[in-house]
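Enquirer: Mind looking over this structure? Questions follow.
The values are calculated or read from the model by the stated rules, or taken from the named source; none is laboratory data. Source: prediction; values computed, not measured. Note: ideal-geometry Cβ built from the backbone for every residue, glycine included; neighbour counts use all protein chains shown. Calculation scope for accessible area: heavy atoms of the full protein, side chains included, ligands and nucleic acids excluded. Shrake-Rupley method; radii C 1.70, N 1.55, O 1.52, S 1.80 Å.
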Amino acid sequence: MIDAPPLFAYRAYGMPVLSTFPLNGLVPADPRSCVDPVSIQLGDVPAGLDRPLIEDSVRQITNAAYLRHFPGLLRLYVEDGRRVILNPVPDCPRTALEAIALGAGLGVAGFQRGYLPLHASVVEVNGTGVAFTGPSGAGKSTTAAHLGQRGFANVADDLCMVRLEAEEARVGRGVSHLRLWDDAVAVLGWKDAPRSPLPEGEGAKAVYAVATPPQVADFTLRRLYLLRAADESSPPGLARLEAGAALAALLESLRLPPIALTTGQAAAHFRRLVALCNTIDVYTFTRPWDLGQLPRWLDRLTAHLQEG
Amino acid sequence: MGPLLPATARFHRQPNLVSAALADGVAVLDLPAASVLALNPTATAVWNLLDTPRSLEEIVEPLLARFAVSPARCREEVERLLSRLLADGLIAADDGAPGV
């Protein structure tokens, strides 16, 4: 008799997931409910892909497969939106393994399935999802953390997978933690809160467990806010973006722009992106650079979230 | 002074472009350049006319019937837009217009 390895079942970003190793922070699921799952496992990966459409020093991409080398950590292979294989070096830290499986692994798998992976954090507002996007350092996780203190539970951090169905944009729960910089933690008053360090290369960030909504089912994404830092020409405030600017913001927030616009799936993803633009409201939230002033502007944001 | 385009040129959309309707215009994906351009309502009206090759006058005429604008202003703005679309490689001209 051969013993099958244990499988850990989750629902992540709206997708069923079966993994041969535990993925901390995801919502557990009944393995019997995992129909057509993304399977995550450790194992050998191809040395290279046949006729890649995109190729650089660390990546090879075709329409159906993605191969990436994370130097000093592991090689990642994602195929057909269904198989994620990680081949780690012997001393690869567990945190890096999980972070790459949850980030690049599931992000690429979702993309291959026709989801739009956005570089965004999501909170729950009255049973719907509201996303916050912006470049690294814009304050996505920090904003989500402050909103969590105001009763808006965390749905997803840093990665949000959007799927369009029946003229609605849907997002599923991601990990139940936030990755925060030390200065943001100080303003939040979380200096003594339990934390886990991030892998090397992610600066002074650490991982903090946060409250998540009781709802396990996916959320309708209603709004997206593009986060910007205020400067002399752009004072703090909120403004709605017209369609063209909203599309540009969504395009910027795509987690995988090189694939999004250059593989054979480009036209389909472009149409999904435009459909998303036509489905949700997109705003800018220009916030003060001084974190000490942030709570006052979050009052305005909170009032804005509760409108409509 | 606006850009001058040859009166005999006929303009048309480049192949391999994908477009989709936005709430107030059209978004165009330029696959070879991996870029996206969102057109405002006026540019969208011109873009929609370019589903078949047209001269400058054949573009301006229906716009004059639709928008409250003087012929000179309309022509100037259409020329400017066509020049931009030519420069971006989203349209082509089949007769004498400066290619990019």
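Enquirer: May I ask you to verify whether residue A:244 is within 11 Å of another protein chain (Cβ to nearest Cβ), in a loop (DSSP other than H, G, I, E, B) and either modelled with pLDDT of 85 or more or over 23 Å from residue A:147 (Cα atoms) (or both)?
Expert: When the stated conditions are applied, residue A:244 does not pass them.
Enquirer: Name the one entry in A:144, A:120, A:131 that is in contact with an Asp or Glu (Cβ under 7 Å, 6 or more places away or on another chain), crowded, with 24+ Cβ neighbours inside 10 Å and small (Gly, Ala, Ser).
Expert: The conditions single out A:144.
Enquirer: Being outside the structural domain of residue A:14 (by TED's automatic domain parsing), open to solvent by 10 Å² or more (accessible area, probe 1.4 Å) and within 23 Å of residue A:273 (Cα to Cα): is that true of residue A:226 here?
Expert: Here the answer is yes, as residue A:226 does meet what is asked.
Enquirer: Here's a follow-up. Given the conditions (1) touching a residue at least 24 places away in the same chain (Cβ under 8 Å); (2) of a type in the set (Val, Ile, Thr); (3) closer than 24 Å to residue A:253 by Cβ, report the number of the one that residue A:85 does not fulfil.
Expert: Evaluating residue A:85 over (1) touching a residue at least 24 places away in the same chain (Cβ under 8 Å); (2) of a type in the set (Val, Ile, Thr); (3) closer than 24 Å to residue A:253 by Cβ leaves (3) as the failure.
Enquirer: Which ones in segment A:63-82 are surrounded by fewer than 18 Cβ atoms within 10 Å (Cβ to Cβ) and over 26 Å from residue A:179 (Cβ atoms)?
Expert: A:63, A:64, A:80, A:82 - these are the residues of segment A:63-82 that are surrounded by fewer than 18 Cβ atoms within 10 Å (Cβ to Cβ) and over 26 Å from residue A:179 (Cβ atoms).
Enquirer: Is it fair to say residue A:296 is open to solvent by 50 Å² or more (accessible area, probe 1.4 Å), outside any strand (DSSP E or B) and at the interface with chain B (Cβ under 9 Å from one of its Cβ atoms)?
Expert: It is false that residue A:296 is open to solvent by 50 Å² or more (accessible area, probe 1.4 Å), outside any strand (DSSP E or B) and at the interface with chain B (Cβ under 9 Å from one of its Cβ atoms).
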